[in-house]
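Novice: What follows is a single structure, and I will ask about it in a moment.
No value in this document is a laboratory result; all are computed from the given coordinates. No experiment lies behind these values; they were computed from the predicted model shown. Reconstructed Cβ throughout: ideal geometry from the backbone, glycine too, with neighbour counts over all protein chains shown.
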Amino acid sequence: MIAPVVSLKGRDFIDLADLDRRQLRQLLDLAHEIKAGKWSKRPLQGRHIAMLFQKPSHRTRVSFEVGIARLGGSTTTLTENDVQLGVRETISDAAKVLDRYVDGVVARLRSHDDLVALARASEKPVINGLTDRSHPCQVLADLLTLEEVAGSLAGQRVVYIGDGNNMATSLIEASALTDITLTVVSPAGYEPPSAVIERARSIDSGTHTVTLTNEITNLDNATAIYTDVWTSMGQERDQESRRRAFMHYQVNQAVMDRAPGAIFMHCLPAHRGEEVTDEVIDGSRSVVFQQAENRLYAQMALMAQLFS
């Protein structure tokens with residue numbers, strides 16, 4: 001007997017690994033329906049969502065605000081100066097106050113530990129809009145994009161070239177929940193944390209394949225070449241040392257020529273001329289703006305599941 005899908009209603013969404021395979025499949029199916037115009041319910045009708053941002057935001061803020069409005073809800077956007085978590089008041093106090101005003105929180109915070117603390121103190125659903133550890137909503141959109149472009153996720157091979165950062169973390173968790181084969185290529189000293197690999201293995205059903213390497217090799221059968229910025233927000237002091245460490249990990253046309261069947265992916269914003277060249281990001285195989293668009297539909301599906 002097939003076990004029923006456990007409802008996501010009222011739950012937090014902190015990491016992609018919070019889902020099981022069937023819940024992820026359910027979210028992606030709903031996202032496809034929403035994008036195709038086959039689903040038009042308004043589960044957020046009469047509900048209000050707080051948007052808490054410690055970092056500047058373009059895609060995350062706009063896609064969530066538009067998605068919440070299309071689902072019938074409304075938003076209040078709060079910057080770091082409005083709610084000084086852990087400074088002006090404790091994270092727990094801030095969460096308990098928000099609980100009494102809003103029906104949920106989308107938080108884009110510097111510290112993943114702070115997001116976890118916020119979620120633990122809140123009785124309402126908390127959604128991770130990005131932390132230093134993970135970027136799960138982006139990867140939901142990425143999986144949606146891979147299915148649109150290349151069909152079933154089973155057997156696809158994604159090669160991520162760059163920092164073992166929050167994007168690498170969420171891609172690793174995605175690979176454990178799907179049949180995607182993932183290769184993470186990073187300079188020595190910039191690999192994903194071992195704890196991320198261990199967690200992915202703990203949720204794997206036995207087909208999980210992640211390869212960590214310092215060399216850009218074996219690209220000919222890649223479905224997608226993925227990269228991210230070399231220096232994320234908050235790492236500006238290390239910009240020069242990072243540029244030196246990553247200078248041989250640029251995704252340029254020579255790299256793409258070694259992966260003739262691959263699309264190019266990037267979570268944006270891109271530092272053109274660093275991790276990727278104009279020729280690649282503006283080329284015919286680039287799907288970066290399709291990924292950005294799919295943030296809207298993936299997040300609408302997520303919120304529909306959390307609030308319906």
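Novice: Amide H neighbours of Gly86 under 5 Å, counting only residues 5+ apart in sequence or on other chains, H built in-plane at 1.01 Å?
Specialist: Amide H to amide H, under 5 Å and 5 or more residues apart or across chains, Gly86 pairs with Ile91.
Novice: Given the rule -39500 (n - 2.57) for each run of at least 4 DSSP H residues, summed and divided by the residues of the chain, what is its mean residue ellipticity at 222 nm, to the nearest 500 deg cm²/dmol? Numbers along the way, then the final one.
Specialist: On the way: 11 runs with 120 residues, N = 308.
Roughly -12000 deg cm²/dmol at 222 nm, from the helical runs in the chain.
Novice: Additional query: For Ser241 paired with Thr79, estimate the spin-label separation in nm (one decimal), with each label point 7 Å from Cα along the Cα-to-Cβ line.
Specialist: The answer from the label model is 3.1 nm.
Novice: Further question on the same structure: Working out 0.36 nm times the residue gap between Ala36 and Glu279, then minus their Cα-Cα distance, what length gain in nm do you get to one decimal? List each step's numbers first, then the result.
Specialist: Numbers: separation 243, 0.36 × 243 = 87.48 nm, distance 3.07 nm.
Stretched fully, the Ala36-Glu279 segment lengthens by 84.4 nm.
Novice: Continuing with the same structure: Among Thr181, Ile49, Thr145, which residue has its Cα positioned farthest towards the positive end of the charge dipole of the chain, with +1 placed on the Cβ of Lys and Arg, -1 on the Cβ of Asp and Glu, and the dipole taken about the Cα centre?
Specialist: Ile49
Novice: Within 10 Å, count the other beta carbons around each residue, average over each peptide in 217-229, 142-154, 118-130, and list them highest first.
Specialist: Numbers: 217-229: 20.1, 142-154: 18.2, 118-130: 21.7.
Answer by packing, highest mean first, reads 118-130, 217-229, 142-154.
Novice: If you don't mind, there's one more thing I want to ask. Quick check: the angle from helix 59-70's long axis to the longest principal axis of the chain, C-alpha only, nearest 10 degrees?
Specialist: On a 0 to 90 degree scale, this one is about 40.
Novice: With a ≥ b ≥ c taken as the square roots of the eigenvalues of the C-alpha gyration tensor of region 247-297, please select rounded if a/c is under 1.5 and otherwise prolate if a/b is larger than b/c or oblate if it is not?
Specialist: On the way: a/c = 2.39, a/b = 1.44, b/c = 1.66.
Since a/c reaches 1.5 but b/c is at least a/b, the shape of region 247-297 is classed as oblate.
Novice: Given R₀ = 30 Å, FRET efficiency for Asn252-Ser194 by Cβ-Cβ distance, to 0.05? Don't jump to the answer; show the numbers that get you there.
Specialist: Values: r = 30 Å, r/R0 = 1.01.
The calculated FRET efficiency here is 0.50.
Novice: Using a cut-off of 17 Å between alpha-carbon atoms, which aspartates and glutamates can reach Lys35, once sequence neighbours fewer than 8 places away in the same chain are excluded?
Specialist: Glu65, Asp142, Glu147, Glu148, Glu293
Novice: Amide H of Phe13 versus every other amide H placed in the peptide plane: which residues, excluding those fewer than 5 positions away on the same chain, fall under 5 Å?
Specialist: Close amide H contacts, sequence-distant or interchain: Val126, Ile127, Asn128.
Novice: Between the helical axis of 21-35 and the dominant principal axis of the chain, each derived from Cα atoms, what acute angle in degrees is found, rounded to the nearest 10?
Specialist: For helix 21-35, the angle is close to 80 degrees.
Novice: Compute the normalised compactness of the chain: alpha-carbon radius of gyration over 2.2 N^0.38 Å, N being the residue count. Spell out each step's value before the answer.
Specialist: Numbers: Rg = 18.9 Å, N = 308, 2.2 N^0.38 = 19.4 Å.
Rounded to two decimals, the normalised Rg is 0.97.
Novice: Moving on. What distance in nm separates the two pseudo spin-label positions at Ser202 and Asp20, each 7 Å out from Cα along the beta-carbon direction?
Specialist: Here the modelled spin labels are 1.7 nm apart.
Novice: Then there is this: Between Lys96 and Thr217, what is the spin-label point distance in nm, taking each point 7 Å from the Cα along the Cα→C-beta axis?
Specialist: Between Lys96 and Thr217, the simple spin-label model gives 5.7 nm.
Novice: Could you list, in their original order, any pairs among Lys9/Lys41; Lys41/Lys96; Lys9/Lys124 whose Cα atoms are separated by more than 20 Å?
Specialist: Details: Lys9/Lys41 15 Å; Lys41/Lys96 30 Å; Lys9/Lys124 10 Å.
As for pairs spanning more than 20 Å Cα to Cα, those are Lys41/Lys96.
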